[in-house]
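Nothing in this text is a laboratory measurement; each read-out follows from the coordinates by a stated rule. Everything quoted here is computed from the prediction, not taken from an experiment. Here Cβ is always computed from backbone atoms with ideal geometry, including for glycine, and neighbour counts include all displayed protein chains.
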Amino acid sequence: MYHPELAGKVDAQRQAIMNMGKDIEAEARRCFPGGHLVTATYRQSTLALEQTATLLMDPTVPAIFEGAFQFQGTFVRVDVLERMDDHTWRLIEIKASSRAKAVHLDDLTLQTYVLLSAGLTLSASCLMHVNRQYLFKGDVPDVQQLFAIQDFMETVQERLPAVPGQLAAMRAVLTEAAPPVIAPGPRCHTPHSCPFWEYCTETKPARWIYHLPGKKETFYKLTKRGIVTIDDIPSDFSLTDIQRRMKENVEWISPQLLSRLRTISYPLHHLDFETLMPGIPLYEGTRPYQPLPVQWSNHIECQDHRLHHDAFLSRTQQDPREEFVVTLLASLGTEGNICVYSEYEQYVLLALAEAIPQYKRELLQVVGRLWDLLSVIQSFYYHPGFSGSFSIKSVLPALIPSLSYHGLDIQDGVQATAAHYRMVFLETDWVERERLATALLEYCARDTLAMVELRKILLDKAEHAIDPSL
Ligand code: SF4
């Protein structure tokens with residue numbers, strides 16, 4: 001209300017979620033043929049109220065999209081308001097998620113409160129969300145199957161009596177001369193990350209207890225005891241192994257690290273996938289939010305440490321899965337372990353084995369050769385530069401600062417997904433498409449090269465570590 005300029009920029013992840021939400025909302029409206037959209041924007045509230053009133057009065061309008069309502073200063077826009085035969089209305093909020101969540105009920109309750117108070121007769125108060133079980137049979141998605149509508153009127157009615165008090169409390173805060181003094185913490189990211197996080201935390205120390213990995217209850221327990229930094233945590237406070245290592249803040253090399261690193265067999269492949277997860281299925285035989293692999297990178301290290309690189313990037317609007325599998329199997333061959341960083345590649349390979357039965361046997365053999373570097377690091381090594389995170393984006397700069405993701409056009413998986421979607425489905429300029437393809441290939445190759453170098457440096461550290469038992 002007062003200092004919107006202090007909000008951080010919308011990051012790639014949030015932007016991607018917002019874009020997908022808009023696409024899903026547009027698709028969901030197809031469930032209500034003949035519906036009319038209130039075109040006034042969020043800044044044109046008076047016009048939006050007028051347009052809504054006109055549509056409400058017109059009995060030929062079967063549904064209103066983005067209808068505007070106001071009661072005692074509380075203004076809402078309703079995703080769908082459907083006219084029923086018995087002169088009542090059905091309120092429907094569209095959500096891109098695959099199930100109803102508690103936060104959706106807060107939204108629904110407030111909307112219901114405003115509409116009922118404004119004099120509408122509602123027969124249902126519903127959430128409409130994506131049905132993950134829907135199997136796309138090709139051509140155009142069947143929106144009646146793609147979406148599920150659940151009526152929550154009973155639950156909403158139980159919550160309605162609390163709404164006036166909640167609104168009064170919010171108004172009271174808004175009329176205060178200064179913002180409320182509330183300390184930031186993990187709740188600032190639930191259910192969504194607050195855009196003021198950077199502003200609210202800019203004076204926090206580098207080793208603020210918020211950065212301690214693990215359950216958020218630990219943060220609140222420590223805050224209650226007046227503890228601000230990880231270094232101040234008393235020695236009698238119960239910590240997990242990883243939390244303890246972060247508190248000790250020194251490099252730790254398990255005596256078992258060396259033997260674990262030597263369990264691999266050559267040629268050693270280093271594999272990484274990038275995937276799309278479209279809420280509205282794109283290809284026949286796929287379901288909403290099913291990961292669709294579109295890119296792989298494989299750095300292959302031979303026994304004599306020679307290194308070569310293979311890659312695949314889907315560049316067309318065709319279903320990428322079969323080409324992905326054929327090229328991948330050719331690159332992986334039948335020998336050597338396959339180093340990955342997380343269980344995600346295994347998950348995608350198993351899904352591919354089910355989707356393309358003719359390659360099931362080979363894909364399952366590939367799964368049997370996977371070797372997870374992440375789990376080895378988590379169990380047998382710690383570096384203060386990790387700051388409690390074992391993400392490759394934290395581990396790489398701590399161990400090999402010269403090989404970071406800085407300088408790459410694409411720096412994380414969310415940006416990669418968005419760039420791939422843009423390259424294949426939106427971009428018409430071939431020069432820009434080529435630029436995106438190059439950026440995607442560079443990013444995915446960096447992930448696999450990072451694994452090669454991380455394994456090498458860990459091996460070196462393990463070989464030169466002093467055995468504490470000696
Ligand atoms: S305290 Fe948390 S929720 Fe409140 S403005 Fe700051 S970051 Fe946002």
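Could you tell me how far the Cα centroid of segment 343-363 sits from the Cα centroid of segment 75-91, in Å?
45 Å
Given the -39500 (n - 2.57) contribution per DSSP H run of 4+ residues, what per-residue ellipticity at 222 nm results for the chain, rounded to the nearest 500 deg cm²/dmol?
Rounded to the nearest 500, the figure is -12500 deg cm²/dmol.
Simple spin-label model, 7 Å along Cα-to-Cβ: residue 306 to residue 287 in nm?
Simple spin-label model gives 4.5 nm for this pair.
Straight-line reach only, C-alpha to C-alpha below 19 angstrom: list the aspartates and glutamates that residue 9 could link to, leaving out same-chain residues fewer than 8 apart.
Counting by Cα, and skipping residues close in sequence, residue 9 has these aspartates and glutamates nearby: 198, 202, 409, 412.
For residue 263 and residue 354, what is the calculated FRET efficiency with R₀ set at 30 Å and r taken between the beta-carbons, to the nearest 0.05?
Calculated value: 0.55.
Between 98, 34, 415, whose Cα lies farthest towards the positive end of the dipole of the chain when Lys and Arg beta carbons carry +1 and Asp and Glu beta carbons carry -1, centred on the Cα centre?
Working it through, the farthest residue towards the positive pole turns out to be 98.
For the chain, what is Rg from Cα atoms divided by 2.2 N^0.38 Å, rounded to two decimals?
Normalised Rg, Cα atoms only: 1.17.
Within a Cβ distance under 15 Å of residue 386, other residues only, what is the Lys/Arg minus Asp/Glu net charge?
+3
What is the Cα radius of gyration of segment 160-256 over 2.2 N^0.38 Å, N being its residue count?
With N residues counted in segment 160-256, Rg over 2.2 N^0.38 Å equals 1.44.
Sort 116-128, 352-364, 159-171 by the packing proxy (mean of other Cβ within 10 Å over each peptide's residues), most packed first.
Sorting 116-128, 352-364, 159-171 by mean packing, highest first, produces 116-128, 352-364, 159-171.
Can you pull the Kirkwood radius for segment 244-393, inverse mean 1/r over Cα pairs, to one decimal in Å?
17.0 Å
Just how far, in whole angstrom, is segment 1-44 from segment 132-185 if you go by their alpha carbon centroids?
So the separation of the two Cα centres works out to 15 Å.
As a test of the definition: which semi-axes, in Å, follow for segment 82-167 when you take the square root of five times each eigenvalue of its alpha carbon gyration tensor? Largest first, please.
They are 27, 16, 8 Å, listed largest first.
Over 5 Å intervals from 0, what percent of Cα-Cα pairs in segment 316-368 sits in each interval?
Bins of 5 Å from zero give 4, 18, 32, 27, 14, 4, 1 percent of pairs.
What is the set of long-range amide H partners of residue 131 at a cut-off below 5 Å, with H atoms built 1.01 Å from backbone N?
147, 148
What ³J(HN,Hα) values, in whole Hz, does the Karplus curve 6.51 cos²θ - 1.76 cosθ + 1.60 give for segment 121-138 when θ = phi - 60°, with x put for Gly and Pro?
Listing the rounded values in order: 9, 9, 9, 7, 10, 10, 10, 10, 9, 6, 8, 5, 7, 4, 9, 6, 9, x Hz.
Net charge around residue 303, counting only other residues with Cβ within less than 15 Å of its Cβ (Lys, Arg = +1; Asp, Glu = -1)?
+1
Could you compute the FRET efficiency for residue 106 and residue 42, with r as their C-beta to C-beta distance and R0 at 30 Å, rounded to 0.05?
FRET efficiency, residue 106 to residue 42: 0.95.
Given H placed on each backbone N at 1.01 Å, which residues far from residue 37 in sequence or on other chains put an amide H within less than 5 Å of it?
Those lying under 5 Å, H to H, from residue 37 are 65.
How big is the dipole moment of the chain about its Cα centre under a simple scheme where the beta carbon of each Lys and Arg is +1, that of each Asp and Glu is -1, and everything else is neutral? Debye, nearest 20, please.
Dipole of the chain, to the nearest 20 debye: 960 debye.
For segment 18-136, what number results from the quotient of the Cα radius of gyration and 2.2 N^0.38 Å?
Compactness ratio reported: 1.04.
Using 0.36 nm per residue of separation minus the Cα-Cα distance, give me the extension gain between residue 347 and residue 196 in nm, one decimal.
Contour length minus Cα-Cα distance gives 50.9 nm.
Compute the FRET efficiency between residue 254 and residue 216 as 1/(1 + (r/R0)^6), taking r as their Cβ-Cβ distance and R0 = 35 Å, and round to the nearest 0.05.
0.80
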